[in-house]
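Trainee: Handing you a structure now.
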Amino acid sequence: MLALAFSVLLVAVFATTISPGMAQQVDLRGTSVIRYRVGADVPPGPKQVVKGSRTSDGGCQFRSPTLGVSTAGQRVTATEIAYDPSLCESLIVITTQAVPPEEMAANREGYEYQDSRKYGPGAPDEYASTVPPAFPHPTGGDHPASMLTGHYGYYQSWFEDPVPPGYVDVNKVRDYVDWSEDGSCTYNQSGWHSLSWLAADGWYLNGASVNVDWECSRVQTATYAHFQNDVFCAFTSTHTYYQQSHGFGWYNGVLNGYTVWGKSGLCAFLLSHNEEVVKYW
């Protein structure tokens with residue numbers, strides 16, 4: 001009888017363990033976890049824990065998940081809602097939305113071209129965007145326009161200060177790509193970037209570079225940027241890094257991207273990281 005009772009208990013425990021209704025919640029736990037968004041401020045969508053690594057200056061570095069869209073008029077966003085600086089772990093939510101009609105209309109006839117500028121009233125332009133000309137693929141040959149499909153959009157990554165009652169962008173990197181494809185190769189590739197930062201809050205650009213390269217399978221805009229603030233945190237500097245931010249346009253019409261990003265400094269935990277990819281056409 002005792003053996004039978006033990007067997008029933010074991011079966012009951014096993015059944016509880018595998019019950020679909022008891023699926024483990026994706027979250028960060030511990031006393032050092034910073035919550036950037038809670039309750040109604042958390043976007044609806046699947047959550048994912050991204051594990052990073054410790055940097056030499058005591059900060060954390062991450063390789064973000066690749067976000068991509070294949071259909072024009074879509075925006076995919078990854079929002080950091082929690083962060084554990086002791087374990088270098090980031091909790092993100094991924095959402096997909098339609099691009100508003102007015103934004104689509106504004107970009108249907110021409111590029112949403114923006115020079116890099118510092119945020120803030122009266123702040124002058126400080127870093128100009130790099131806009132290379134369109135380069136046909138050297139092995140592409142002659143293709144009638146009717147045989148090619150054109151695409152345009154961007155991937156961007158940014159840091160945010162969750163200051164009530166809203167969320168303030170403190171610096172941002174955007175990588176644009178524009179290309180045509182025939183389903184097997186890319187043509188007429190071009191790319192550029194824009195950088196922006198909140199000068200009124202003490203942020204400045206410490207260094208940046210951009211590279212645009214292409215091959216038959218894709219075109220890529222890759223940006224390195226380092227932003228710094230010496231007054232955000234008392235007596236110490238706060239750093240944000242984009243090493244690098246990548247936007248890709250592919251032979252099959254897909255636009256995607258990712259960032260290797262990092263933040264360091266005593267108050268860096270206050271800043272959340274976000275990314276998105278948008279395809280206009």
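Trainee: Could you put 81, 94 in order, starting from the residue whose Cβ has the fewest other Cβ atoms within 10 Å?
Mentor: Ordered by Cβ neighbours within 10 Å, fewest first: 94, 81.
Trainee: Using amide H atoms built 1.01 Å from N in the peptide plane, name the residues 5+ places from residue 60, or on other chains, whose amide H lies under 5 Å from its own.
Mentor: For residue 60, whose amide H was placed from the backbone, the distant partners under 5 Å are 55, 263.
Trainee: If you don't mind, another one. Per residue of the stretch 193-210, what does 6.51 cos²θ - 1.76 cosθ + 1.60 with θ = phi - 60° give for ³J(HN,Hα)? Whole Hz please, x for Gly and Pro, Karplus curve as stated.
Mentor: Result, rounded to whole Hz: 9, 9, 10, 8, 7, 8, 5, 5, 9, x, 7, 9, 8, 8, x, 7, 7, 9.
Trainee: Moving on. Mind giving me the nanometre distance, one decimal, between the label points for residue 234 and residue 147, set 7 Å out from Cα along Cα→Cβ?
Mentor: So the two model labels end up 6.9 nm from each other.
Trainee: Still on this structure: Hey, what do the phi angles of the stretch 236-242 turn into as Karplus ³J(HN,Hα) couplings, whole Hz, using 6.51/-1.76/1.60 and θ = phi - 60°, x for Gly and Pro?
Mentor: Using θ = phi - 60°, the values come out as 9, 9, 10, 10, 10, 10, 10 Hz.
Trainee: Kindly write out, for the stretch 178-187 in residue order, the coupling ³J(HN,Hα) from the Karplus curve 6.51 cos²θ - 1.76 cosθ + 1.60 (θ = phi - 60°), rounded to whole Hz, with x marking Gly and Pro.
Mentor: Computed from phi, the couplings for the stretch 178-187 are 9, 7, 10, 8, 10, x, 9, 7, 9, 9 Hz.
Read-outs throughout are calculated quantities, based only on the coordinates presented, and are distinct from any laboratory measurement. Small disclaimer: the values here were computed from a predicted structure and weren't measured. Reconstructed Cβ throughout: ideal geometry from the backbone, glycine too, with neighbour counts over all protein chains shown.
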